[in-house]
Amino acid sequence: MRRKSYTAAALLLLVLINQLGAVEKDTTAEDVWNVKIYPLTGHNLSPEYTYLLHSIPLSLKDSLEDIKTHIFKSDERNMWLKKKRAKRIEEERRTLSGLYRKRDLLFFSGTPPDEKLDEINVAIANTKDNILQIEKEKDGSPEITPVIKAEFVDKRIVSEEIPDLKGIDQAVYGTLETIDRWIYLSITVYNYSTGEKQEVFGDLIDPENISKTITEAAVELSREVSGTDPPVLMVTGIPQDSFFSIEGGSRTYLTDSPVTDLNPGNYTLTIHKKGYVDEKREIVLKSGERTEVTYSLTKEKTGFAVINTFPSGADLYVDSVWMGRTPFLLEDPVYPSYIQAVKDNYVGMSYMLSNEEADKNINLILSPAKIDKDKILERRRKTFYNSLGSFIVSLAVPAISYGLSSDYGYAYNSSVISSGVSSSESNRLMSASNSWYNVYLGGVFISVSLFVDMAIKLEDYISFY
């Protein structure tokens, strides 16, 4: 009797364990397309580029967040549904096994209650019907578009070692190899439903423009993961280099550049640029098709602002663009605007123009530039020494001319006393003496003037101390 109770207890424990296993199900939602992204494998990679082995996959993962759903190809869809049916049948059979053990436990425990036994038998019959219904489902049904869920897994793999993990629909991996000064990037996607692998991107990376190549790789990966050719959106118009955003989105795009990371569907665009009135457009993007949107923004009417500076004549810059010299009438300014007034020998002044100052005069008072005493002192020192040199050089003129005038005067006096000299020679000597004397007087005047100038420069030089 005791042995029978031990056997019953063992069977009860076994049934409880199996019941726990029976209720444990995959928590992955049936409408999720799971994508695992793995680090890249490096070959002949320089140490300074090893960070790309992780940063590129992480960037690719971020790019997949903008893609919402996966569109099946016909063969891929059938295989995916077949795997899901097998998974559901496996779960139903585990449930059926638990029900059988639960019914056996009732018999081992004695005479089972009829109500409890009937309840288990009904559950067994329903589970069998569920298995039959799942087995009868066709590949073409049900219609389903799974939601993409991308996840980075920090475990490096190569094509020969693709992990056979449950719950994964696509694995993204690749290689990074140095070729001369270039880096070759290869991205491969393995599809667990079809068992196929495909290189979706392979190109050289310019180390000076890595982001461009990563963006191109992200576009190709998005196309493969989404299962569709993405639509192409081109927004152009006046003024150029405007921006547009998508209602409900967080990104801002630059006009005049193709956008390929959007899913097919209806969108509301808001085109905007500083100083212009926003413009909204309703568009429909279709898979694989190019949609062009043109715009013409209207400039905002913002009144005027008169910019004055004291002193006037300063160069006026608005948002780093030279506009003219003050005073200046600024018509329909863009708010806010960064204004700069620049003038030689004055400290430049900056000002932020806001819409509260429309139709007003803006007065900017410029302060003299900071005095560099050493430079001024050096300049005055040079000026004084130049003046002193000129004065010293000028002294030679009156000294020489006075000597010559005296010599000719002495010769004239000697010719008058001597009876052997003609009157014409005496007159010549007299004329030469007078001419050099006039030169002497002019030299004295110049030297005196230079002396006065030197004295003024000396006073100016000394007074600066």
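Cβ contacts < 9 Å: first residue more than 13 Å from residue 210 (Cα to Cα) and assigned by TED's automatic domain parsing to the domain that holds residue 175, restricted to the stretch 42-58; second residue of a type outside the set (A, V, I, L, M, F, W, C) and in a helix (DSSP H, G or I), any location; separation 6+ or different chain. Result?
Short answer, once both residue conditions are applied: 42/49.
Residues checked against (1) within 30 Å of residue 256 (Cβ to Cβ); (2) not hydrophobic (A, V, I, L, M, F, W, C):
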position	(1), (2)
298	yes, yes
330	yes, no
348	no, yes
353	yes, no
360	no, yes
364	no, no
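Pick from the stretch 91-127 the residues that are among the hydrophobic types (A, V, I, L, M, F, W, C) and exposed (fewer than 14 other Cβ atoms within 10 Å of the Cβ): which of them is farthest from the chain's Cα centre (by Cα)?
107
Does at least one position in the stretch 405-420 carry a residue that is touching a Phe, Trp or Tyr at 6+ places or on another chain (Cβ under 9 Å), β-branched (Val, Ile, Thr) and either closer than 30 Å to residue 345 by Cα or assigned to a helix (DSSP H, G or I) (or both)?
Checked against the condition, which is being touching a Phe, Trp or Tyr at 6+ places or on another chain (Cβ under 9 Å), β-branched (Val, Ile, Thr) and either closer than 30 Å to residue 345 by Cα or assigned to a helix (DSSP H, G or I) (or both), the stretch 405-420 yields no hits at all.
Suppose we filter the stretch 331-359 for residues that are surrounded by 15 or more Cβ atoms within 10 Å (Cβ to Cβ), more than 29 Å from the chain's Cα centre (by Cα) and not small (Gly, Ala, Ser); how many remain?
Total satisfying the criteria: 5.
Take residue 328 and decide whether it is closer than 30 Å to residue 457 by Cα and surrounded by 12 or more Cβ atoms within 10 Å (Cβ to Cβ).
no
Within the stretch 207-238, count every residue that is touching a helix residue (DSSP H, G or I) at 6+ places or on another chain (Cβ under 7 Å) and modelled with pLDDT under 80.
Matching residues across the stretch 207-238 total 2.
Just to be sure, is residue 461 among the aromatic types (Phe, Trp, Tyr) and at pLDDT below 90?
yes
Would you be able to say whether some residue in the stretch 166-173 is part of a strand (DSSP E or B), over 19 Å from residue 32 (Cβ atoms) and either outside the structural domain of residue 50 (by TED's automatic domain parsing) or at pLDDT 80 or above (or both)?
Yes, because at least one residue in the stretch 166-173 is part of a strand (DSSP E or B), over 19 Å from residue 32 (Cβ atoms) and either outside the structural domain of residue 50 (by TED's automatic domain parsing) or at pLDDT 80 or above (or both).
Can you pull out every residue in the stretch 186-213 that is within 29 Å of residue 84 (Cβ to Cβ) and either in a loop (DSSP other than H, G, I, E, B) or of a type in the set (Gly, Ala, Ser) (or both)?
Result: 192, 193, 194, 195.
Quick one: is residue 288 closer than 27 Å to residue 356 by Cβ, in contact (Cβ under 8 Å) with a residue 40 or more places away in the chain and not assigned by TED's automatic domain parsing to the domain that holds residue 329?
No, not satisfied.
When the residues of the stretch 168-212 are narrowed to those that are over 26 Å from the mean Cα position of the chain (by Cα) and among the hydrophobic types (A, V, I, L, M, F, W, C), which ends up surrounded by the fewest Cβ atoms within 10 Å (Cβ to Cβ)?
Once the filter is applied, the top-ranked residue is 179.
Mind telling me which of the residues 387, 401 ends up being touching a Phe, Trp or Tyr at 6+ places or on another chain (Cβ under 6 Å), under 22 Å from residue 449 (Cα atoms), polar (S, T, N, Q) and surrounded by 13 or more Cβ atoms within 10 Å (Cβ to Cβ)?
Unique residue meeting the criteria: 401.
Which residues, counting only those in the stretch 421-465, are in a loop (DSSP other than H, G, I, E, B) and either exposed (fewer than 12 other Cβ atoms within 10 Å of the Cβ) or not β-branched (Val, Ile, Thr) (or both)?
Those that are in a loop (DSSP other than H, G, I, E, B) and either exposed (fewer than 12 other Cβ atoms within 10 Å of the Cβ) or not β-branched (Val, Ile, Thr) (or both): 422, 464, 465.
When you look at residue 361, is it on the phi < 0 side of the Ramachandran plot and either touching a Phe, Trp or Tyr at 6+ places or on another chain (Cβ under 7 Å) or in a helix (DSSP H, G or I) (or both), yes or no?
Judged against the criteria, residue 361 is not a match.
Just to be sure, is residue 312 hydroxyl-bearing (Ser, Thr, Tyr) and buried (at least 16 other Cβ atoms within 10 Å of the Cβ)?
So residue 312 fails the test.
The values are calculated or read from the model by the stated rules, or taken from the named source; none is laboratory data. This one's a predicted model, so the numbers in the text were calculated from it and none came from an experiment. Cβ coordinates were reconstructed from backbone atoms using ideal geometry, including for glycine residues, and neighbour counts include every protein chain displayed.
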